[in-house]
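To keep things clear, I will list the structure first and then write my remarks on it.
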Amino acid sequence: MVISVDAMGGDRGPATVVAGMAESASKNPDIRFIVHGPRAELERLIARRGDLARRCDIRDAAGVVTMGDKPSQVLRKGEGTSMWSALESVRRGEATAAVSCGNTGALMALSMLRLRKLPGVNRPAIACLWPSRNPQGFNVMLDVGADIRADAQDLLTYALMGASYARNGFGLERPRVGLLNVGTEDHKGRPELKQAHELIPTTAQAANFDYVGFVEGGDLPSARVDVIVTDGFTGNVALKTGEGTAKLVGELLKEAFGKSVLSKFAALLAMGSLRRLQKRIDPRRVNGGVFLGLNGTVVKSHGSADATGVSAAIKLAFRLAQSGFQDRLAARVAQSVAAAGQINGSKESEAS
């Protein structure tokens, strides 16, 4: 399974990306890489990583998309950058998925330009994993920042794509989908939420998922739902809030257990439990937002990700590629478009 990796653009530089690739390769003998960036620099970094060189093809790309570049500028001048090159490998069928730590807006813009949207998708979405009480350990939430707007039809498409992601990423036969709102009552929420609340159940049976209705912010980490659907503005605020809260909890625990000799002794006794807690709330374990709705799988890693975070993003890309996720997603979206057409057609007949 070949993964295309943009080695440039992350806050920590290509050395961290290569370290993440090496970590991923050591755990998975079935993975190969096409890695994009300045050839001389990448050859030097990869050569330090033992057998990694045997599993890498390097594509020379001198240009770099920085975090400060505007998407509109990248669309005009992005050819020749490592990000463009990484997406081209997926477009040409050389790799099954692409991974990048670079500028999110630029990556989405280039992905839409080079890979194009799936037929029937108006707005692609970014899906993230949220630690939860479910047996799989995570819930899927989308959109978390691809587009700040979403109408009822977009939210329906997100539900279908999110269910497909949960099914292929976690092996859930029939994922439970909820629509994020300010309350669970039917009369609450913006008009587009109420419309989506009526639309989503019409395709749930055919798309093989269960719609649980409106969910609230407190349900994000709960076992009530597997997929949370929302617009990109709300999803991004929730995501950043969750990450900040997890970081705060870790810092407060560290501070509390370092207050006195007795607290340090208590920390020593509880070390095993504390390590398990740290692992559960560590944002690096869920690093990787998947761009859904494109003709190809793209995983966006945090720009500040360390080697563990990069490895997690690569693992996610590999798992989705191995499951045949992209072909299944395209089939599911096409099915939903046909179903939506039938529903609209029947409504028009009733009206006439």
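The values are calculated or read from the model by the stated rules, or taken from the named source; none is laboratory data. These numbers were taken from a predicted model, which means no experiment stands behind them. Counting neighbours? That spans all protein chains shown, and the Cβs are built from the backbone with ideal geometry, glycine included. Surface areas here come from the heavy atoms of the whole protein model, side chains and all, with no ligands, DNA or RNA. Shrake-Rupley method; radii C 1.70, N 1.55, O 1.52, S 1.80 Å.
Taking all protein chains together, His197, His302 sort by accessible area into His302, His197, largest first [probe 1.4 Å]. Each of Met1, Pro191, Phe233 was placed along the dipole of the chain (beta-carbon charges, centred on the mean Cα), and the one lying farthest toward the positive end is Met1. If a/c stays under 1.5 just call it rounded; otherwise compare a/b with b/c (prolate if a/b is bigger, oblate if not). Do that for the chain, with a ≥ b ≥ c from the square roots of the Cα gyration tensor eigenvalues. Verdict is oblate for the chain. For region 123-286, the antiparallel share of DSSP beta bridges with both residues in that region comes to about 30%.
About its Cα centre, how strong a charge dipole does region 116-196 have in debye, to the nearest 20, once Lys and Arg get +1 and Asp and Glu get -1 at the Cβ? The partial results should precede the final answer.
Values: 11 positive and 8 negative charges, 31 e Å.
So the dipole magnitude of region 116-196 works out to roughly 140 debye.
Pairs of Cα atoms under 8 Å, at least six residues apart: use those to get the relative contact order of the chain, whole percent.
Numbers: 700 pairs, mean separation 80.9, N = 352.
After rounding, I find 23 percent.
Of the residues Asn168, Ser263, Gly93, the one whose Cα sits farthest towards the positive end of the charge dipole of the chain is Ser263 (charges of +1 on Lys and Arg Cβ, -1 on Asp and Glu Cβ, taken about the Cα centre).
Whole Å is fine, so just give me how far the alpha carbon centre of region 138-201 lies from that of region 8-69. Centre-to-centre (Cα) distance: 35 Å.
Largest accessible area first, the residues Lys188, Lys70 order themselves as Lys70, Lys188 under a 1.4 Å probe with ligands, DNA and RNA left out.
Run the dipole for region 23-74 about the Cα centre, Lys and Arg Cβ at +1, Asp and Glu Cβ at -1, nothing else charged, and hand back the magnitude in debye, nearest 20. Walk me through the numbers before you get to the answer.
Values: 10 positive and 8 negative charges, 20 e Å.
So the magnitude is around 100 debye.
Judged by the ratio a/c of the largest to the smallest principal axis of the C-alpha gyration tensor, region 121-232 counts as rounded, that ratio being less than 1.5. Computed over the chain with a Gaussian network model linking Cα atoms closer than 10 Å, the most mobile of Leu253, Leu52, Leu115 is Leu253. Here the accessible area is traced with a 1.4 Å probe on the protein chains. For the chain, carbon and sulfur cover 53 percent of it.
How much mean residue ellipticity at 222 nm does the chain get from its helices, if each DSSP H run of length 4 or more adds -39500 (n - 2.57) and you divide by all residues, to the nearest 500 deg cm²/dmol? Each step should come with its number before you reach the end.
Values: 12 runs with 176 residues, N = 352.
Mean residue ellipticity at 222 nm (helix-derived): -16500 deg cm²/dmol.
Scanning the chain for DSSP H helices at least 24 Å long along the axis (C-alpha atoms) with a Kyte-Doolittle mean no lower than -0.5 picks out 152-170, 191-207, 232-257, 325-351.
Any idea of the accessible area per residue across the chain, 1.4 Å probe, to the nearest Å²? Mind dumping the intermediate values first?
Working: 16330 Å² over 352 residues.
Per-residue value: 46 Å².
Could you pull out which residues in region 138-163 have an amide N less than 16 Å from a spot 7 Å beyond the Cα of Ala206, following the Cα-Cβ vector? Residues 153-154, 156-161 qualify, since their backbone N sits under 16 Å from the label point.
The DSSP beta bridges internal to the chain are antiparallel in roughly 30% of cases. Residue ranking by accessible heavy-atom surface, 1.4 Å probe, largest first, among Leu268, Leu110 comes out as Leu268, Leu110.
Between Ala47, Ala312, Ala266, the Gaussian network model of the chain with springs among Cα atoms under 10 angstrom shows the greatest mean-square fluctuation at Ala266. Shape class of region 27-179 from the Cα gyration tensor (axes a ≥ b ≥ c, square roots of the eigenvalues): oblate, since a/c reaches 1.5 or more and a/b does not exceed b/c.
For the chain, the Cβ-based charge dipole about the Cα centre amounts to some 1060 debye (Lys, Arg positive; Asp, Glu negative; other atoms uncharged).
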